1. At 0.36 nm per residue, and after removing the present C-alpha to C-alpha distance, how many nm does the segment from LEU458 to ASP287 gain when stretched out fully?
2. If you line up the Cα atoms of the chain on their principal axes, what length do they span on each, largest first, in Å?
3. Leaving ligands, DNA and RNA out of it, report the carbon-plus-sulfur percent of the accessible area of the chain at a 1.4 Å probe.
4. Going by average Cβ neighbours within 10 Å, how do the peptides 65-74, 324-333 rank, with the highest at the top?
5. Using the alpha-carbon centroid of each, what span in Å lies between segment 124-149 and segment 225-294?
6. Taking the alpha-carbon set of segment 116-259, what are its Rg and Dmax in Å?
7. What share of the DSSP beta bridges in the chain is antiparallel, in percent to the nearest 5?
8. Taking the simple approach of a point 7 Å from Cα along Cα-to-Cβ for both ALA180 and ARG440, what is their distance in nm?
Amino acid sequence: MGPETEKKNTEREALTLGIIGDPIGHTLSPLMHGIFGERTGTELTYTPYHVRSAGLEEAIRGARALGIRGMNVTVPHKSAVIPYLSSVDPAAERIGAVNTLVTEENGYRGYNTDASGLKRALEAAGTVLAGAHVVILGAGGAARAAVCMCASEGAAEVLIINRTADKAKQLAAEVNAACAVTSVSAAAMEEFLDADRQNGVKYLAIQCTSVGLAPHDDASPVTDPAFFERLCFAVDLIYRPYRTAFLKRASAAGVPVLNGLSMLLYQGADAYELWNPGIRLTDEDLDAAMRALNCAVLGVRGIFLTGFMGCGKSTVAHALAKRLSWEVIDTDLLIEREAGRSIPEIFAEEGEQAFRDRESMVLARIVRERLRGDRIGTGGVVVSCGGGLPLREDNRQAMACAETGRTVWLRVKPETVAERLAGDTSRPLLAGSAEEKTARITSLMAERGPVYASCADLTVDTDGRTPEEIAEAVVEGLI
Ligand code: NAP
């Protein structure tokens, strides 16, 4: 078989996928499925198609005639497409909406992976639905999937609050009937907040309205602080912006939060496995896709954490990387690994300037390979920078020129540093007695503070905050 024939065979076997919706311009699904394909060695094309309601039936017939193996369906076609399918999965039928089409003998079979994706996202965040008290904001298509899923998973109570109260009542009645439960009911916000009716129960809130979607970043469907006091966890199905005003309010009230990106990831993963029955995506595959999704939504591929030694850069880097499914690069550790010697040894044997040269080379390489590389999946790094790294003009320029990077100064008080580094003998710049150490910290910080400030896109105070709180402040500050 010649190379020409080989190429044709590969082309014929490539998996053809697509997504239909109106609008469809900002979809992240091609990025996500491209990564799944690359990771699982599946050659595929995934194309967004702008399909208006009037052309829906024709689009489905055309897709089938063209041999498109699988489709995602998004707003506003998730329910309207059902009459044009050859069959519908029973779970999707109960929800009354599909978002994934899989080719079968006589047409497409419809599935709803929004519901299964939300379930997996909640489970991954440590939420237990069985016996939970859930409050759902909204009664549109996404809310329908969320309500059905929570009811099916055995939530003790699912309360729907919607601007149009009748739609909430109708949805509650429909889901109770379809899922054979009595746990779903509709309520007005005033009833939910009524102090006399409160029973001390904490609610999982799932925000399913379109309020707060970019560019209306400041809008929140609820503003009353009393609402957030009643929550144990808050989810927003929106992921643009990365943190909605709703989630910012919840977070400020001390409630753990989750945006809609992990639901997007898991609904995509479930769809991918339906299209590829022999393939199970691994945690590493999901992490790779999540890393890229976070880069795309934040518009950033790398975060440089700078600050004085002892400000917590490494710990915060790991907390931040965990939150974003990104990788951590610690410039000091990388230099030690590549040199095969510890930093005190490099200082002693080569001198400080040689160490600084190594630092500059490492930074330039990170910027070139991870922040500027155009291959998908190369971004997504939190760089814990050595405390002296921003002192060089070249390094500051390298960080500033990486337009996909952001520099964050983790500011800390001298007394906190002195306390944290009291027993630490590994810092060449802080050798000497306790008094000498404190004096050196104070003078070095006075010298370096203005340098850190001059190259920071964001300054975050770290004293008295946990690494997770600092990571959240970094994320919120960068969007
Ligand atoms: P939809 O069917 O159009 O429903 C919109 C809902 O928002 C309705 O309940 C509507 O209330 C409410 N709403 C709209 N404007 C409002 C306002 N100004 N004040 C109060 N309520 C308002 O939309 P959908 O398909 O359910 O999608 C909802 C959101 O979920 C979208 O932002 C979408 O991006 C997101 N979503 C995310 C994922 C994911 O994977 N993360 C998946 C699906 C959807 P009324 O009934 O009173 O009109």
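The values are calculated or read from the model by the stated rules, or taken from the named source; none is laboratory data. These figures come from a predicted structure and were not determined experimentally. Every residue, glycine as well, gets a Cβ built from its backbone with ideal geometry; the counts of neighbours run over all protein chains shown. Quick note on the areas: whole protein, heavy atoms, side chains included, nothing else; ligands and nucleic acids left out. Shrake-Rupley method; radii C 1.70, N 1.55, O 1.52, S 1.80 Å.
1. Working: separation 171, 0.36 × 171 = 61.56 nm, distance 2.64 nm.
Net length gain for the segment: 58.9 nm.
2. Each principal axis gives a Cα extent; for the chain these are 79, 77, 33 Å.
3. Ligands and nucleic acids excluded, carbon and sulfur give 50 percent.
4. Descending mean neighbour count gives 324-333, 65-74.
5. Rounded to whole Å, the Cα centres lie 13 Å apart.
6. Final numbers for Rg and Dmax: 13.9, 39 Å.
7. The antiparallel proportion sits near 15 percent.
8. 7.3
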